[in-house]
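The values are calculated or read from the model by the stated rules, or taken from the named source; none is laboratory data. Every value quoted in this text rests on a predicted model; they were computed, and no experiment measured them. Cβ placement follows ideal geometry from the backbone for every residue including glycine, while neighbour counts extend to all protein chains displayed. Calculation scope for accessible area: heavy atoms of the full protein, side chains included, ligands and nucleic acids excluded. Shrake-Rupley method; radii C 1.70, N 1.55, O 1.52, S 1.80 Å.
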Amino acid sequence: MSVEDRTAGAPDAPLPAGRVRIRTEPSLPAITAQAVNGRSAHETREAVFDIRDLAAYYGANCALAGTTLRIYRNLVTAVIGPSGCGKSTFIRSLNRMNDAIPGFRVTGQIQYHGHDVYGSRANRVEVRRRIGMVFQKPNPFPKSIFDNVAWAPRNLGMKRRLADRVEQALIQAALWDEVKDRLHDSALGLSGGQQQRLCIARAIAVEPDVLLLDEPASALDPVSTASIEDLMHNLKHRFTIVIVTHNMQQAARVADRTAFFSLDTAGPERFGTLVEYGDTETIFRGASDSRTRDYVAGRFG
Amino acid sequence: MLFGLCAVAGVIVVLTLVDVVYQLASNGSEAINRFGLGFLIHTAWKPGFNTEGAGALIYGTAFSSLIALVLAAPLGIAIGLYLSMMAPRRVRAVVGPLVEMLAAVPSIIYGFWGLVVLVPFVDHLEPGLHSALGFIPLFGQPTTTGISLLSAGIVLAVMVLPIISALSRDLFLTVPRELKEGAEALGATRWEVIRGIVLPSTASGVGAAVVLGLGRALGEAIAVSFVIGDVSAIHGSVFQPASTAAERIANQFQGPVNALHLSAMFYVGLVLVAIGMLTSIAARMIAGRFDVQRTIGTIY
Ligand SMILES: Nc1ncnc2c1ncn2[C@@H]1O[C@H](COP(=O)(O)OP(=O)(O)O)[C@@H](O)[C@H]1O
Ligand SMILES: [Mg+2]
């Protein structure tokens, strides 16, 4: 497995190789995310992920099947559904976070800007460098606040104006004011909500293209949750965001598009599957599938 | 009841330690009175002339253990990293226990192995090392036997390797998966994760593991006695024969020339116990400073 080879430069270059610094495009003209004049939020947007018939397995167990959807640039896409329906599996497949799990495999295709994420030429490290992830449980490194944010840029050779970069990331993560006077204190001394925002700052400091958030607020108090939700609205101008959430109000508040996953049964097998995907408005107000309607109305899950 | 039992066990441990020190000091009193603290720096060891000094022994002990650590620490940490983070599960399941078994091989067997395999090998190695690195005094003129500090250092390295690798593997396994995933999600390579996250968060524990390995090397007698030559001399070159404190006692305790000779060996023993205690305290301090004592405590 030589997936860590970052320099494979192929003619049909899958993901531009090497530690290329991707400049984040200036935000698109302010099209409000919600449907405007009956136009769907995504219509004018480029697809960042084009996922076709994705299925994921842990050994012989199928956790997710038949998932086909597109995720659009500079939108917040929420993934909702009952627990165990494969939300984490899905989102972790997008940046190959599950590669290290023995027996994990995917079938189908995930195209990221036209490049096959699981293609033989794709580089797992490079994939994750462009597609950052924030986890359910805040996981700051046992380092100073500054070093938490500066660590990855240093690795990537982004050493110029590092202090500025750290400051910008912390500002964008709405944490700067709270930590600017103690940047060199341990990150472990921060509150849970601050730690989670630090993890977001850490992720955006390397200027990824996509931010994946797996239930980022589920371990936090309501105030911290609200501040993370506010963040989503600002961050989507710079990043494409996919957020898994257990909390339907949260999805309704932050997401432009919502994908509803549910558990399906085929004989003895139970696996997650995508039931419905569309504008958040539609999913919450006029879903076409009765399971979606039941779920968003809180009738199960 | 259980508390009483534990208290008794604790008292027994303390009493044993106190008695060990007492026995060494009282049996060594003749040498202690005669040589005083000068014993620690005088190098001549001539039992026939009533002249004994532990200087060369302490030097040989420190030098051979240092060689052992220089070889075994990086290798052991590398093995620990491999077993905890890189090896496929099957390899891990086979190699892990094998490494631990290395620690269960009796030291006399390492002595045999050293004499039969290592000493001739080192003998072949010496000329090459000397011609390549001879400008460093460490690699002086080759001798003709292979019996040397280097051989002793290598035998000791093999003996402490399982300690360092098994302990560091277990330490690396304690690094939370969330931390490693957090680093990977930022596009870090495996090496960056190791260098930036795994090693820093286990550094103190690994340091303590190395010092525990050192403790083992410092006190090893039998295996070393096979390959070091038991010569009381201080040489800069690793190709020269030498002696260590423990090895000297093992070699000469059976046939002391006179009472003073015997007493001097008890004194050497006392010095060795002191060195061992200092090492153990050092390990605790290194581990304790970073609050990983508990980890070390549970795995060692
Ligand atoms: N590391 C794993 N090994 C084996 N099975 C797993 C693993 N992670 C998740 N699963 C299984 O995959 C299914 C989906 O889990 P997950 O994606 O975590 O769901 P969700 O995030 O929606 O709660 C569950 O049945 C779970 O047991
Ligand atoms: Mg989950």
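Points worth noting:
- Selection of segment A:87-109 for residues being in a helix (DSSP H, G or I) and within 15 Å of ligand 2 (Cβ to nearest atom) yields A:K87, A:S88, A:T89, A:F90, A:I91, A:R92, A:S93, A:L94, A:M97, A:N98.
- Annotation note: Cβ proximity below 6 Å between a residue of segment A:65-93 that is in contact (Cβ under 8 Å) with a residue 60 or more places away in the chain and open to solvent by 10 Å² or more (accessible area, probe 1.4 Å) and a residue that is more than 8 Å from ligand 1 (Cβ to nearest atom) and in a loop (DSSP other than H, G, I, E, B) (sequence gap 6+ or interchain) occurs for A:Y72/A:H42; A:Y72/A:R45; A:R73/A:R45; A:R73/A:E46; A:N74/A:L28; A:N74/A:K236; A:P82/A:G301.
- Residue that is farthest from ligand 2 (Cβ to nearest atom) [pool: residues in segment A:221-244 that are of a type outside the set (F, W, Y) and touching a Pro at 6+ places or on another chain (Cβ under 8 Å)]: A:I228
- Residue list for segment B:110-126, filter: open to solvent by 50 Å² or more (accessible area, probe 1.4 Å) and touching a residue at least 40 places away in the same chain (Cβ under 8 Å): B:F112, B:W113, B:L115
- B:N33 meets the stated requirement of being open to solvent by 80 Å² or more (accessible area, probe 1.4 Å) and over 25 Å from the mean Cα position of the chain (by Cα).
- Members of segment A:112-129 found to be acidic (D, E) and open to solvent by 20 Å² or more (accessible area, probe 1.4 Å), listed by number: A:D116
- Any hit, segment A:62-70, residues being within 9 Å of ligand 1 (Cβ to nearest atom) and within 14 Å of another protein chain (Cβ to nearest Cβ): no
- Among the residues of segment A:259-274, the ones that are more than 18 Å from the chain's Cα centre (by Cα) and open to solvent by less than 30 Å² (accessible area, probe 1.4 Å) come to 3 in all.
- Residue that is over 17 Å from the mean Cα position of the chain (by Cα) and part of a strand (DSSP E or B), where the choices are A:G66, A:G119, A:G84: A:G66
- For segment A:120-132, a tally of residues being of a type in the set (A, V, I, L, M, F, W, C) and within 7 Å of chain B (Cβ to nearest Cβ) returns 1.
- Odd one out for B:F239, checked against (1) of a type outside the set (D, E); (2) open to solvent by less than 10 Å² (accessible area, probe 1.4 Å); (3) closer than 30 Å to A:V127 by Cβ: (3)
- Criterion: open to solvent by less than 30 Å² (accessible area, probe 1.4 Å), within 30 Å of B:A282 (Cβ to Cβ) and either within 14 Å of chain A (Cβ to nearest Cβ) or of a type in the set (D, E) (or both) - qualifying residue of B:L179, B:L149: B:L179
- Remark: pairs (first residue in segment B:185-198, in contact (Cβ under 8 Å) with a residue 12 or more places away in the chain and more than 8 Å from chain A (Cβ to nearest Cβ); second residue assigned to a helix (DSSP H, G or I) and surrounded by fewer than 19 Cβ atoms within 10 Å (Cβ to Cβ); Cβ separation under 8 Å; 6+ apart in sequence or on different chains) = B:I194/B:M85; B:V198/B:M85.
- One residue alone among B:S201, B:S263, B:S243 is within 14 Å of another protein chain (Cβ to nearest Cβ), out of contact with any strand residue (DSSP E or B) (no Cβ under 6 Å at 6 or more places or on another chain) and among the hydroxyl-bearing types (S, T, Y), and that residue is B:S201.
- Within segment B:218-229, one or more residues are at positive phi and more than 10 Å from chain A (Cβ to nearest Cβ).
- With respect to being without any contact (Cβ under 8 Å) to a residue 60 or more places away in the chain and part of a helix (DSSP H, G or I), B:L24 falls outside the description.
- Annotation note: of B:L167, B:L214, B:L156, the sole residue that is surrounded by 20 or more Cβ atoms within 10 Å (Cβ to Cβ), modelled with pLDDT of 95 or more and among the hydrophobic types (A, V, I, L, M, F, W, C) is B:L156.
- Residue that is nearest to B:F63 (Cα to Cα) [pool: residues in segment B:131-146 that are touching a helix residue (DSSP H, G or I) at 6+ places or on another chain (Cβ under 6 Å) and either open to solvent by 40 Å² or more (accessible area, probe 1.4 Å) or at pLDDT 90 or above (or both)]: B:F139
- If you go through segment A:99-111 and keep only what is crowded, with 18+ Cβ neighbours inside 10 Å and within 9 Å of ligand 1 (Cβ to nearest atom), you end up with just A:F104.
- Residues of segment A:130-142 that turn out to be under 19 Å from A:D181 (Cα atoms) and surrounded by fewer than 19 Cβ atoms within 10 Å (Cβ to Cβ), as a count: 1
- For segment A:238-255, the candidate set comprises residues that are buried (at least 24 other Cβ atoms within 10 Å of the Cβ) and not hydrophobic (A, V, I, L, M, F, W, C); within that set, the residue that is nearest to ligand 1 (Cβ to nearest atom) is A:T245.
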